[in-house]
Each structure stands twice: as C-alpha cells, then as structure tokens.
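What follows is a short report on a single structure.
The values are calculated or read from the model by the stated rules, or taken from the named source; none is laboratory data. Given the structure is predicted, the values throughout are model-derived calculations rather than measurements. Note: ideal-geometry Cβ built from the backbone for every residue, glycine included; neighbour counts use all protein chains shown.
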Ligand code: ADP
Ligand code: DP6
C-alpha cells in the first residue's frame, strides 16, 4: 500500500435522556438496557486519522498535547479492530480536537469514538454502514454508538452475547422546537470514569436491581412523548430517569456521587424556572455539569434568568445536532 490512508471527521456529542448505566458484557461492551439520547450541535470532536508506513507506532495527540501511554493504548486497541477488517498492520497518527470539555460528563468519549470510527472507515476505505459503524464506535465507548446519528437516537441493547445485535438508530429528527442548555459548573476531568462508576454500581448497589425495569418503562413513555412532541412529558421522564440513575450510585458501597454543590444549585434553579411558567427540566451524567431540556423558543428567557445566578459564559445553548460528517484534512 503506497498511498496515504487519511481522513478527518466531525462527530457531535449526545446527551442521554434515558441513560445507559451498566454493561451485561464488559468485553463486548454490551449494555444492560437500551437508551435514548439527543445529539447536540454545540459540542463536538474533530478527529483525523492517518495510517502510514512512516509510523513505527500509533500516536495520539489530543488538543495539541501528546497523550499518555495509557490513552495511546486505548486508541491502539480501537484502531486494531479497523486494521483487522482491512488486513493491515499500518500504524496511525490520530489527531483530535475536542470542542467539548474532556471527561467532565459532557460526553467527550461519545463524540470522540464516533469521529474516530468514521475517520478510520473512510481512511481505510472500508465502506461500513452506519449500523456497522455504530457497533464499532460502541467498542470505544458505549455512548459513542449513539453519536453516529443526529437528533433523537435510540441505542438497542441487542440480544444475549451477540455483539452485532447492539447498535443505535435514528428515532426522530428533532427538527422541531427543542433545545438543550449546558450549565457548566466545573470543566475539570472527573476522578472516577463512567466506566468504573457504572461497574462499581452494578457490583455493589442494591438499587441497581430496579434499574432495568425502570428504564424499560421510561423508554416506552419517552418515545411516545417524543412522537407527540410533548416537551413537558419528555422533560419529566428524562429528569426522573437521571435521578434514578444517580440514586443507584448513592446506594453503591462505598457510595459516591457526581453531584457538587453547584450542581444542586443548578437543579434548584431549574425547578424555580418551572415555577415562573417556563418549560425546563434537568439531566446529569457522570460529571457535575447540568443539562437543561427545553423548547428552543424559550432558551433566551431561560438564559437570562440563569445569568442572574451563574456566569453567562458557563451557560451554553444548543440545538439538536447532526450525524458525523467529513471535514477538510489538517495540514501534516
Ligand atoms: P465524558 O463525560 O467526557 O464522556 P468519559 O470518562 O466517559 O467522560 O470519557 C472520557 C475519556 O474519553 C477520556 O479520558 C479519553 O480516554 C476519551 N476521550 C475523550 N476525548 C477523546 C478524543 N477526542 N479522542 C479519543 N479519546 C477521547
Ligand atoms: C452517564 O459511554 O462514557 O453518560 O461505555 O464505559 O465508555 P463506557 O461509558 P460511557 O457512559 C455513559 C454514561 C452516561 C449515560 C449515557 O450517556 O447514556
């Protein structure tokens, strides 16, 4: 192979309204439940991959910083899956930019592995389908399987140990009056990754026994609410689902929580917004930042109210986002 195998893709993050929390098979990255998310326009990752005989080993540069051996190995394992499909042992340079805080509960791993999967597919001319790419992205990070699509996306849990049966698909284009506001209370990387946290919860939390049943009910209800474009109902279900997920962590042993004082203040602020007649509901992931689901037509009013108590720079408004797309190559 003499020519350059190179591609650059942009993929957007997604925030789950019905959460994925726990794997039934850690090696195959198969989830305990299905989940449902909204892809966001405001937060994304751009990742270029360059396979070449000029590299003796894989390289991983994130936001212009060479990453640790541990991070590089994680990327190498992911690249191996694509190398296997192409039947090549070419090493690669991966150059990525996160337009989202890394490891802060704003889903950087979702946009990251979706972008990397798309770049590998194009660079190596594999011609994988969206569904196949969703499966490949899942191996990098479960939530990444959903970032292969825009709008509302459902990730099917699949059956048994069949790795090919668990992938995401578009559920609704979200081309109507819906938006999300990220209230960033702390941009720092978390100490406890989602991966460790969900496993610890499964292994030690007595409340986890209830989780799958709750998700099944919430998923059915939110799908009906999305089809009816009933934001109030969507918000109520999503807020309750997030709090149930966090409750499983509070009951873990030892117990832990991603809530910080500012997160609690943000949740209370959202409840107060509702009292003023605005339609706003919160959700939170494995990090202290709070995301608010609302009609896009109300974002200006919500932003104005929140600005009284939070730094306006930390209030980031987003419309629903698109599926990944190819972008121009970075100069080598
Ligand atoms: P988050 O809430 O940001 O998704 P996670 O702990 O789930 O946090 O994932 C963060 C991890 O994802 C990082 O520690 C890193 O290993 C990986 N990651 C983040 N951004 C990138 C990127 N652009 N390219 C490759 N891997 C990334
Ligand atoms: C709370 O997808 O980051 O954001 O599959 O181990 O990489 P791994 O975990 P990850 O977990 C996301 C957890 C969540 C909920 C969600 O996005 O559904």
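Of all residue pairs spaced 6 or more apart or on separate chains, those with beta-carbon atoms under 9 Å, a first member in the range 43-62 that is in contact (Cβ under 8 Å) with a residue 60 or more places away in the chain and a second member that is part of a loop (DSSP other than H, G, I, E, B) and within 16 Å of ligand 2 (Cβ to nearest atom) are 43/100; 43/101; 43/106; 43/107; 43/321; 44/100; 44/321; 45/100.
Looking only at the range 39-47, decide whether some residue is more than 16 Å from the chain's Cα centre (by Cα) and either away from ligand 2 (no atom under 16 Å from the Cβ) or buried (at least 18 other Cβ atoms within 10 Å of the Cβ) (or both). Checked against the condition, which is being more than 16 Å from the chain's Cα centre (by Cα) and either away from ligand 2 (no atom under 16 Å from the Cβ) or buried (at least 18 other Cβ atoms within 10 Å of the Cβ) (or both), the range 39-47 yields no hits at all.
Where strands (runs of 3 or more DSSP E) fall entirely within the range 12-82, those with at least 2 residues that are modelled with pLDDT of 95 or more and within 11 Å of ligand 1 (Cβ to nearest atom) are at 35-52, 59-62.
Condition check ((1) buried (at least 23 other Cβ atoms within 10 Å of the Cβ); (2) assigned by TED's automatic domain parsing to the domain that holds residue 33; (3) farther than 19 Å from residue 27 by Cα; (4) in contact (Cβ under 8 Å) with a residue 12 or more places away in the chain) across all residues:
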position	(1), (2), (3), (4)
65	no, yes, yes, no
101	no, yes, yes, yes
142	yes, yes, no, yes
145	yes, yes, no, yes
148	yes, yes, yes, yes
152	yes, yes, yes, yes
155	yes, yes, no, yes
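The set of residues from the range 9-30 being in contact with a helix residue (DSSP H, G or I) (Cβ under 6 Å, 6 or more places away or on another chain) and farther than 12 Å from residue 150 by Cα comprises 9, 17, 18, 19, 20, 21, 22, 28, 29.
Any residue in the range 104-122 that is in contact with a helix residue (DSSP H, G or I) (Cβ under 7 Å, 6 or more places away or on another chain), on the phi < 0 side of the Ramachandran plot and at pLDDT below 95? Yes: the range 104-122 contains one or more residues that are in contact with a helix residue (DSSP H, G or I) (Cβ under 7 Å, 6 or more places away or on another chain), on the phi < 0 side of the Ramachandran plot and at pLDDT below 95. I need the full set of residues from the range 254-279 which are touching a residue at least 60 places away in the same chain (Cβ under 8 Å) and not in a helix (DSSP H, G or I), in order please. Result: 256, 258, 260. Here is the figure for the range 312-332: residues that are part of a loop (DSSP other than H, G, I, E, B) and within 17 Å of residue 100 (Cα to Cα) total 5. Please indicate, with yes or no, whether at least one residue in the range 88-98 is touching a helix residue (DSSP H, G or I) at 6+ places or on another chain (Cβ under 6 Å), assigned to a helix (DSSP H, G or I) and more than 9 Å from ligand 1 (Cβ to nearest atom). So far as the range 88-98 goes, no, none of its residues is touching a helix residue (DSSP H, G or I) at 6+ places or on another chain (Cβ under 6 Å), assigned to a helix (DSSP H, G or I) and more than 9 Å from ligand 1 (Cβ to nearest atom).
Here's the yes/no breakdown for (1) under 18 Å from the mean Cα position of the chain (by Cα); (2) buried (at least 18 other Cβ atoms within 10 Å of the Cβ); (3) at pLDDT 95 or above:
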{"residue": "226", "(1), (2), (3)": "no, yes, yes"}
{"residue": "231", "(1), (2), (3)": "no, yes, yes"}
{"residue": "251", "(1), (2), (3)": "no, no, yes"}
{"residue": "282", "(1), (2), (3)": "yes, yes, yes"}
{"residue": "324", "(1), (2), (3)": "yes, yes, yes"}
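From the list 332, 308, 272, 236, the lone residue that is touching a strand residue (DSSP E or B) at 6+ places or on another chain (Cβ under 9 Å), at pLDDT 95 or above and surrounded by fewer than 19 Cβ atoms within 10 Å (Cβ to Cβ) is 236.
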